[in-house]
1. Need one number: nm distance between label points at A:D335 and B:A255, each 7 Å from Cα along Cα→Cβ, rounded to one decimal.
2. Copy-to-copy spacing for B:G351, label 7 Å out on the Cα-to-C-beta vector, in nm, shortest first?
3. Counting only the backbone N, which residues of region B:1-26 are under 18 Å from the spot 7 Å out from the Cα of B:E211 toward its beta-carbon?
4. Say the dipole of chain B comes from +1 at the beta carbon of Lys and Arg and -1 at that of Asp and Glu; which of B:A131, B:P184, B:P219 then lies farthest toward its positive end?
5. Using a 7 Å offset from the Cα along the Cα-to-Cβ direction at both A:R352 and A:T140, what is the distance between the two label points in nm, to one decimal?
6. Please give the charge dipole size of region A:1-50, origin at the Cα centre, charges +1 on K and R Cβ atoms and -1 on D and E Cβ atoms. Round to the nearest 20 debye.
7. Please work out which residue of chain A brings its Cβ closest to the axis of the rotation superposing A onto B, and round that distance to whole Å.
8. State the percent of C-alpha pairs, over all pairs in region B:140-194, separated by a distance greater than 14 angstrom.
There are 2 protein chains.
Amino acid sequence: MLTVDQARDWLLQRAQPVRTSETLPLLQALGRILAEPVLAGVDVPPQDNSAMDGYALRCADGSGPLPVSQRIPAGTQPQPLQAGTAARIFTGAPIPAGADAVVMQEMAVLQADGQVLFSQAVKPGQNIRRAGEDILRGATVLSAGQLLTAADLGLAASIGVATLTVYRPLRVAVFFTGDELTEPGQPLAAGHIYNSNRYWLVPELMRLGCEVTDLGIVPDSLSRTREILQDAAGLADVIMTCGGVSVGEEDHVKAAVEAEGSLDLWKIAIKPGKPLASGKVGQAGFIGLPGNPVSGFVTYQVLVKPYLQRCAGLQQDDTQPVAHYPAGFAWERPDTRREEFLRVKLVQQDGRWQLQRYPNQGSGVLTSCAWADGLVRLAPGQQVSPGDMLALIAFAD
Amino acid sequence: MLTVDQARDWLLQRAQPVRTSETLPLLQALGRILAEPVLAGVDVPPQDNSAMDGYALRCADGSGPLPVSQRIPAGTQPQPLQAGTAARIFTGAPIPAGADAVVMQEMAVLQADGQVLFSQAVKPGQNIRRAGEDILRGATVLSAGQLLTAADLGLAASIGVATLTVYRPLRVAVFFTGDELTEPGQPLAAGHIYNSNRYWLVPELMRLGCEVTDLGIVPDSLSRTREILQDAAGLADVIMTCGGVSVGEEDHVKAAVEAEGSLDLWKIAIKPGKPLASGKVGQAGFIGLPGNPVSGFVTYQVLVKPYLQRCAGLQQDDTQPVAHYPAGFAWERPDTRREEFLRVKLVQQDGRWQLQRYPNQGSGVLTSCAWADGLVRLAPGQQVSPGDMLALIAFAD
């Protein structure tokens, strides 16, 4: 059996990142992965400006009273400040040449004679935002390989960048096999089960930003499965399925992938989980998740999602921070050979957050995945006592 | 000044949740908010079935050798098991009447005479998944007011539910004011700045699942702002803008909202931040964020996002768990009157995660928001020494 880390590393090494890019307006680039770094072509802010509504003045002129020689709203260009006068100024407006401080209006009294008197000592630089204080021209503002967040797009806008070059979305084709599978909404014949894998896997891929081709349920037939694989390899970067990859006789997926390409069938020391298939069909990668929904879901989160992110062009530190919380449960009979990934939820107990585990950790129980906030990873043989500090691998919302 | 908690509570109380719902196929419901609970109409699994590929038998028949009397692939209906025989069975296939255990195939040897011999003691119930083990008929599987995740959709599918009734998306109209604002991609005139607020706010609203009407930049004119407000009130549940709500003379938004509806202008003890406007125009709510991008971004995350989620129909525990990490920085001159929200990032130092703060916490620096993993909330006057444990309010990805 492979360890979880071995399987993960092997998949990551095998990932073939998307190379094609496209240029999009900012508001279409949310959640996409940047293909080229963004450098600042300007200083931000472009010139010294006021951090407050108030009065710009020369410190040398003291606390007044001073006559008001000009008025500088945001968006205008001021005249140089005459010595011995103050300028009415508003937040974001440029500092006039000669001025070296701004006094906020709450600290200023406009006298009956039109002169302004300041109730605060004036220090040089006070309430002035300096040109380039946020970003200096030429600085790398966003890096290739990063996932674009809302704040990133705002940052790009702040330096005048209107479009970004991002990788095209990863194309993933999915299909599902098993004559016992019935689509939801249809009556359930005896011995059949509903196809739940399609309905968690496709949304997970959508949320990851993939372009999903959903080929639905394929009959348990070798020739039909081979045809589907050929079709899928022509249009997708990665082909995924659930089930059909264990050693059972009714599994045609394994034989079909071997006939159309190549396949590695792994046993991984993971619970729930264990079987995982990885291979190639034409130029496309192939991933066969276990058919059991919980096994498939956990294997996807732990092993396959990082692989797909790498394929999509994401370059990130593989070590993600995880927070630790006390266990609110005991786990006394661990698996001695496999790492276990328990489905857990954060609950508040006496004002303190602790982890609860879903009572039934059986691998048929998809309820546990919907209920959980994330996973706790236990080493083979690792017991848990209440109060033990455990790392939470949180699911994304 | 209002405290942050007072402002948040006041906004949440004022939120008017969307009442209209629509029924969607599962794969269109990701990220939507459920309007009606989902009850299980079936047991999951619907009948006892095999957890393994192997042989179903009666424990009373011991470890064999037993003749193989039938073959039960998944998706078929078995005959009752003849006493003194075993049935070849596959994962997910129904247990035949009379059988009370399954032996995995790795523990079975098929002899030359066609009989099967078991190398493992057989215990009643072994390797059988029981009907209803996952979900009992009639149980509440998903609750009204919850955000639908991928696992939730898989769970709905597993009980045969093909459509879900969700609230229609929250409609939010946004506009931006300020004659100094220039759209990215345009040359920047002296004294002007790029409109960055549009490019973080619209994506944040998109990610929240809102239907956004983006009215762009409105000239600094009272009459034009009033027209825009009238238009927006006719099509949106909530109208949002950035800037124009402080006490400066150049702000027309305040006067326009007061003329077309009602407005509360708050000073909140938050840094960055402070001014926040909340009001109504017709039936629509109005939110005026501070115009400074960092102030707007932080105020949005801390105060406005929970309000919008409530408006969208989300019913959730307001107390979200936050993880604590040691500070990797000092903060020696806290604001004495306002709570501060520092932009921080998790970094690994000697194998341990700690929080670093962005060096420039000035409110003009949008870089800090793009760089940060989240916020640290400090009470007025609260200093930080390296090693202090601080709660991280993480930004969603």
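None of the figures in this text is laboratory data; all of them are computed from the coordinates on show. Note that the structure is a prediction, hence the values are computed from the model and not measured. Here Cβ is always computed from backbone atoms with ideal geometry, including for glycine, and neighbour counts include all displayed protein chains.
1. 7.0
2. Output for B:G351: 3.5 nm, nearest copy listed first.
3. The answer is B:16-25, whose backbone nitrogens lie closer than 18 Å to the label point.
4. Result: B:A131.
5. 4.4
6. Here region A:1-50 has a charge dipole of around 340 debye.
7. Of all Cβ atoms in chain A, the one nearest the axis gives A:A323, 1.
8. Across region B:140-194, Cα pairs with separations above 14 Å total 69 percent.
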